1. Condition first: of a type outside the set (A, V, I, L, M) and modelled with pLDDT of 80 or more. Now tell me which residues in region 102-118 satisfy that.
2. May I ask you to list the residues in region 46-74 that are assigned to a helix (DSSP H, G or I), aliphatic (A, V, I, L, M) and surrounded by 14 or more Cβ atoms within 10 Å (Cβ to Cβ)?
3. Consider Arg99 carefully, then state whether it is over 30 Å from Gly44 (Cβ atoms) and either modelled with pLDDT of 85 or more or aromatic (Phe, Trp, Tyr) (or both).
4. In region 1-15, what count of residues is obtained for those that are surrounded by 10 or more Cβ atoms within 10 Å (Cβ to Cβ) and under 19 Å from Phe93 (Cβ atoms)?
Amino acid sequence: MIKGFRDFITRGNVIDLAVAVVIGAAFTAIVTALVEGFINPLIGLIFQVGDLSKWVWVVPSLTGGGKSTFAIGGILGAIINFLAVAVIVYFVFVYPMNRFKERAAAKAGVAEEEASDLPTEQELLIQIRDLLATQTPPTGR
């Protein structure tokens, strides 16, 4: 049981995934700071609300007793944050990795095509046998 767990943990995929989660969390903190410190105030200026997180929509209650507050700015900020993280992760990590894999596959495909033109070991042995059979006269024993 312990050996199986050790094999699971030391497999490359699990370690790669753990590194990706740690880097992703740190990267998300950077993008969140960028969105909250630059993009949200910029959008707040456009909509004249100052800070985007303060943009709310207050709706009076139908019964007349109170009101409901919808945090439009918070929702919009979360959507912008998600889209910023997704775009940056795609163009910084996913797209370059896909290009790298395509190039590696193209190089491997060229090598495989060249190798497929060569006869197999068994075909070579058959050709050698046939050549030896035509060159050596049969002995009369």
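1. Correct list: Glu102, Arg103, Lys107.
2. Within region 46-74, Leu52, Ile72 qualify.
3. Values: over 30 Å from Gly44 (Cβ atoms): yes; either modelled with pLDDT of 85 or more or aromatic (Phe, Trp, Tyr) (or both): yes.
Spelling it out, Arg99 is indeed over 30 Å from Gly44 (Cβ atoms) and either modelled with pLDDT of 85 or more or aromatic (Phe, Trp, Tyr) (or both).
4. Here the count works out to 2.
The values are calculated or read from the model by the stated rules, or taken from the named source; none is laboratory data. Given the structure is predicted, the values throughout are model-derived calculations rather than measurements. Because the Cβ atoms are built from the backbone with ideal geometry, glycine has one as well, and the counts that use them run over all protein chains shown.
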